[in-house]
Amino acid sequence: MDSEKGLVILYTGEGKGKTTAALGLVLRAVGYKKKCLIIQFGKAWFTGELVGIKKLSPYVKIIQGGKGFLDILGSKIPLSVHKKAAAQAFNLLKKEIVSNKWDIIVADEIAGSVSAGILPLSKVLQLIDQKPVTLDLVLTGHHADKRLISKADLVTEMIEIKHPYQKGILAKKGIDF
């Protein structure tokens, strides 16, 4: 087996931990001085990872490319605005993938963008087919399409068994954002 072959890794499911798993992988890669890029689809607000990742510079760069999650907390942002932001983030992702500047690229929440209908699955599948052989590509998000699962080399599904929200405990700084 060729350990230099770039993998397609997918973290999906309804449970918490998809982005956290991807960021843990990035943290491990930095230990080997690998260059990592994280492009977040759907995220547009402050999270602890934004500040934490800056401390991993020059090995890691993060870019938020969304307008927030679709229909979250009564958001009134039109679908067309989400689609435009997703298209722009995807175009940036595509450009960076072919740049050969990165060892690992994380497309955070891209699977959710596909399932929400704001990004075409066909474009993501084509991107996987065209990625450089040695690039590791990490995809995250809810409701990953079966064709995306089929293309990936490694798939982990996060399953929610219990969540503090069920007891009325809202998102917690440093744990959830």
Kindly provide the chymotrypsin sites (Phe, Trp or Tyr not before Pro) of segment 1-42 that DSSP labels as loop, not H, G, I, E or B, and whose Cβ sees at most 16 other Cβ atoms within 10 Å. Tyr32
How many angstrom lie between the C-alpha centres of segment 2-62 and segment 111-177? 12 Å
Please name which of Ala22, Gly65, Trp102 has its Cα lying farthest along the dipole of the chain towards the positive end, using unit charges on Cβ (Lys, Arg +1; Asp, Glu -1) and the Cα centre as origin. Gly65
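Percent of accessible area on segment 26-177 owned by carbon and sulfur, 1.4 Å probe? Mind dumping the intermediate values first?
On the way: 5170 of 9100 Å².
Taking all protein chains in place, segment 26-177 shows 57 percent carbon and sulfur surface.
Just the projected area, averaged over all directions, of the convex hull on the alpha carbon atoms of the chain: how many nm²? The partial results should precede the final answer.
Values: hull surface 41.9 nm².
If I average the Cα hull's projected area over directions, I get 10.5 nm².
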Between Leu92 and Ile175, what is the label-to-label distance in nm when each label sits 7 Å out along the Cα-to-Cβ direction? 3.0 nm
If Lys and Arg each add +1 and Asp and Glu each add -1, what is the summed charge of the other residues whose beta carbon sits under 10 Å from the beta carbon of Lys34? +1
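How much area per residue is accessible in the chain when the probe is 1.4 Å and only protein heavy atoms are counted (Å²)?
Values: 10370 Å² over 177 residues.
Per residue, the chain has 59 Å² of solvent-accessible surface.
Return the loop-located GluC sites (Glu not before Pro) in segment 74-174 (DSSP other than H, G, I, E, B) with at most 16 other Cβ atoms within 10 Å of their own Cβ; answer none if there are none. Before the final figure, lay out the partial values.
Numbers: sites: Glu96, Glu109, Glu157, Glu160; in loops: Glu109, Glu160.
Sparse-neighbourhood loop GluC sites (Glu not before Pro): Glu160.
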Please compute the length gained on full extension between Thr134 and Glu160, using 0.36 nm multiplied by the number of residues separating them and subtracting their Cα-Cα distance. 6.1 nm
Would you list, by chain and number, the lysines whose Cα falls below 22 Å from the Cα of Lys172, excluding same-chain residues fewer than 8 positions away? Lys16, Lys18, Lys43, Lys54, Lys55, Lys67, Lys162
What does the charge dipole of segment 63-177 about its Cα centre add up to, to the nearest 20 debye, if the Cβ of each Lys and Arg holds +1 and the Cβ of each Asp and Glu holds -1? 400 debye
Estimated 222 nm signal from helices in the chain, with DSSP H stretches of n ≥ 4 weighted -39500 (n - 2.57), rounded to 500: -10500 deg cm²/dmol
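When you count, for each residue, the other Cβ atoms within 10 Å and take the mean per peptide, how do 50-62, 114-126 rank with the highest first?
Numbers: 50-62: 14.7, 114-126: 18.1.
So the order, starting with the most tightly packed, is 114-126, 50-62.
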From Cα coordinates alone, what are the radius of gyration and Dmax values for segment 73-115 in angstrom? 12.7, 40
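The values are calculated or read from the model by the stated rules, or taken from the named source; none is laboratory data. Since this is a predicted model, take the numbers as computed values, not measurements. Glycine gets a Cβ as well: all are built from the backbone with ideal geometry, and neighbour counts include every protein chain shown. What goes into the accessible areas is simple: the full protein's heavy atoms, side chains included, and nothing from ligands, DNA or RNA. Shrake-Rupley method; radii C 1.70, N 1.55, O 1.52, S 1.80 Å.
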